[in-house]
1. Determine the pairs where a residue that is farther than 11 Å from Tyr320 by Cβ, located within the range 245-259, has a partner that is crowded, with 24+ Cβ neighbours inside 10 Å and hydroxyl-bearing (Ser, Thr, Tyr) with Cβ atoms under 7 Å apart, the partner being 6 or more residues away or on another chain.
2. Step by step: first the residues of the range 22-36, then only those that are open to solvent by 80 Å² or more (accessible area, probe 1.4 Å) and over 24 Å from Ile63 (Cβ atoms), then the one that is modelled with the highest pLDDT. Which residue is that?
3. Among the residues of the range 276-290, how many are among the β-branched types (Val, Ile, Thr) and either buried (at least 21 other Cβ atoms within 10 Å of the Cβ) or closer than 15 Å to Thr223 by Cβ (or both)?
4. May I ask you to list the residues in the range 143-189 that are open to solvent by 40 Å² or more (accessible area, probe 1.4 Å), assigned to a helix (DSSP H, G or I) and touching a Leu at 6+ places or on another chain (Cβ under 8 Å)?
5. Kindly provide the set of residues from the range 42-61 that are farther than 11 Å from Cys30 by Cβ and either open to solvent by 50 Å² or more (accessible area, probe 1.4 Å) or modelled with pLDDT under 80 (or both), ordered by number.
6. Does Lys204 satisfy the criteria of being at pLDDT 90 or above, part of a helix (DSSP H, G or I) and surrounded by fewer than 17 Cβ atoms within 10 Å (Cβ to Cβ)?
7. List, please: which pairs have Cβ atoms under 6 Å, are six or more places apart or on different chains, and start with a residue in the range 185-207 that is within 15 Å of Gln291 (Cα to Cα) and end with one that is charged (D, E, K, R) and open to solvent by 40 Å² or more (accessible area, probe 1.4 Å)?
Amino acid sequence: MSNIPFPRLQPAVEQGPKQILPDLNIRLICPDCKKPTPNIIEEFASGDLVCGDCGLVLGDRIIDTRSEWRTFANDEGDDPSRVGAAADPLLDGSQLDTIISRRDGGSGTARDLNKVHGRANAVKGEKNLVQAYKEIAAMADAIGLTRLIADIAKQLYKRVEEEKLLRGKSTESIIAACIFIACRQENVPRTFKEICAITRVPKKEIGRCFKTLIRTFETNVTTMTSEDLMSRFCSRLHLRMEIQKAALDLTITTKSLGTLEGKSPVSVAAACIYMASCLYNQPQSTKDVAQVTGVSEVTIKNSYKLLFAVREKLLSEKKYGGGIENLPSP
C-alpha cells in the first residue's frame, strides 16, 4: 500500500533508475556498555551527549531544541520558541520563509515591503491551493463536518492538482466532489442536494467530477444507504430516540420486502421517518420532512402510500407506539 493519500488505481510505470536514499536507521550505542537499549542523556547545559550508565561522553556541541527563557522580540508577550508554526503537510516546499512584519509605527514602509516580499517568494500554484483549502474549510463548517473530513477533502484536492485531472472544470465543482467523497469515506454521507446547496454547483457537474475521481484514485467510498441518513434527519426534525429506532427498523424491513425497490435511499428514509412519527403520535407534516431531507412532498406521499399498502407485514413482528391505528390514510 502506498504512503501517498489517494493513490492511483493504475499507477504510472516508473522510468529510469531509482534514487538511492541514505539509510536513516542508525542507532547510537555506548561503546563501553554496548547495551541494545542504551540510556543516553542530553545535557543541554554543557552541550554533551552522555551515557547515563557509565558516564562516557558520546558527543558534544548538541543543539538545544527547547524554548528560550526570555524573548528578544520588540513586542512583549511573544512566544519565545525558536521555531515557527508547524509545517503544513498539504503544502509543498520547505515552508521556512522569512516574513517581514507589517507593523512599523504607521509609516507604511513595512507593509509595502511585506507585499513585495510575498510576491517574490510566492510558490507557483500554492496560492490557489491555499485559497481552495480555505473554501473547503468554510464549506465543511457550513454543514457541520469535522476537521478530519475537511483534511481528507484537502488531501484529495491536492492529489487532483498533482495529477492535473479535471482540466477545464471549475474549482467549485472539484471542491464539491472532494467533500462528497470525504463524507462517504468517513461514513457520514451527504446527499448531492446538500452539497449543491453550499457549493452552488449543479448536481450533474458534481456527478461527473465524482465519477472521474472514483475511477482514477483508490478510495474507500461505500454506497450510501437509508440507514446512514436516518440519525441526522431525525435529529434535525427533533424526533425522540424511539422514533428514530422505529424508522430504522422500518427501513430494514422495507428493504427485505422490496416494497420501495428502485427508490433512492433519501426517499426511503423520508417515507419511513414520516410513518414512524405517525406511529408514535408525533406526526411530522410532509412539508417539514421534505425540507429536511430534500425530497419533494409528492415523492414522500407516493412512497408512504406503498408502505401503507403493506403496513400489516411491516408491523407484524413488533408493535411501535400506538400501532397501525395511528397511521393516517394516504
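1. Listed pairs, sorted by first residue: Thr251/Ser226.
2. Filtering the range 22-36 down to residues open to solvent by 80 Å² or more (accessible area, probe 1.4 Å) leaves 22-28, 32, 34-36.
Then drop every residue that is not over 24 Å from Ile63 (Cβ atoms), which leaves 32, 34-36.
Values: Asp32: 90, Lys34: 86, Lys35: 86, Pro36: 83.
Ranking the candidates gives Asp32 first.
3. 1
4. Asp151, Gln155, Glu161
5. Glu42, Glu43, Phe44, Ala45, Ser46, Asp60, Arg61
6. Criteria met by Lys204.
7. If the second residue must be charged (D, E, K, R) and open to solvent by 40 Å² or more (accessible area, probe 1.4 Å), the pairs left are Phe192/Lys203; Cys196/Lys203.
Here is a yes/no grid of residues against (1) touching a residue at least 12 places away in the same chain (Cβ under 8 Å); (2) in a helix (DSSP H, G or I); (3) open to solvent by 50 Å² or more (accessible area, probe 1.4 Å):
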| residue | (1), (2), (3) |
| --- | --- |
| His238 | no, no, yes |
| Ala270 | yes, yes, no |
| Tyr274 | yes, yes, no |
| Val295 | yes, no, no |
| Val298 | no, yes, yes |
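The values are calculated or read from the model by the stated rules, or taken from the named source; none is laboratory data. Here the structure is a predicted model, which is why all the values come from computation and not from measurement. So basically every Cβ, Gly included, is an ideal-geometry build from the backbone, and we count neighbours across all protein chains shown. What goes into the accessible areas is simple: the full protein's heavy atoms, side chains included, and nothing from ligands, DNA or RNA. Shrake-Rupley method; radii C 1.70, N 1.55, O 1.52, S 1.80 Å.
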